[in-house]
Amino acid sequence: MIARRLIVHGRVQGVFYRGWTVETARALGVTGWVRNLRTGEVEVLACGELEAVEALIARCRSGPPAAAVSRIDVEEADPEPHAGFETRPTA
């Protein structure tokens, strides 16, 4: 199992990005969470098999139809035990 922390930049708040991320991650079998940041970005912690996490990252580069992702910062993270994928409160 691997984990990656993503910071998604662009027009990613108010466009169903978090809900889309939850649906996409669950479909791929990725666990973790997503939340808005007060600075306007979206933060994602994705845990799972390498291929599934990489697939989520690739899909996050586009996001839902109303989003306009300008870039994603990706860094390694420590895996956290999660039963699924959830939305967390804004940080």
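Express the accessible area of the chain per residue in Å², computed with a 1.4 Å probe while the remaining protein chains stay in the model.
Here the residues of the chain average 53 Å² of exposed surface.
Does anyone have the angle between helix 50-60 and the longest principal axis of the chain? Alpha-carbon axes, 0 to 90°, nearest 10?
10 degrees
Run the numbers for ALA91 and LEU50: contour at 0.36 nm per residue of separation, minus the present Cα-Cα distance, in nm. Show your work: numbers first, answer last.
Details: separation 41, 0.36 × 41 = 14.76 nm, distance 2.68 nm.
Going from the current span to full extension adds 12.1 nm.
Points 7 angstrom from Cα along the Cβ direction at HIS82 and ALA66: gap in nanometres?
Reported label-point gap for HIS82 and ALA66 is 2.3 nm.
Considering only protein heavy atoms and a probe of 1.4 Å, how much of the accessible area of the chain is carbon and sulfur, as a whole percent? Please list the in-between numbers first.
Working: 2330 of 4830 Å².
Here carbon and sulfur together make up 48 percent of the probe-accessible area.
What net charge do the residues around SER62 carry, taking every other residue with its C-beta under 13 Å from that of SER62, with Lys and Arg at +1 and Asp and Glu at -1? Mind showing how you got there, number by number?
Values: positive: ARG11, ARG59, ARG61, ARG71; negative: none.
Cβ neighbours under 13 Å give a net charge of +4.
Before rounding to the nearest 500, sum -39500 (n - 2.57) across all DSSP H runs of length at least 4 in the chain and divide by the residue total; then give [θ] at 222 nm in deg cm²/dmol.
Taken over the chain, the calculation gives -8000 deg cm²/dmol.
The values are calculated or read from the model by the stated rules, or taken from the named source; none is laboratory data. In this text, all values refer to a predicted model and were calculated from it rather than measured experimentally. Note that we place each Cβ from the backbone using ideal geometry, even for glycine, and neighbour counts take in every protein chain shown. All accessible areas refer to the heavy atoms of the entire protein, side chains included, with ligands and DNA or RNA removed. Shrake-Rupley method; radii C 1.70, N 1.55, O 1.52, S 1.80 Å.
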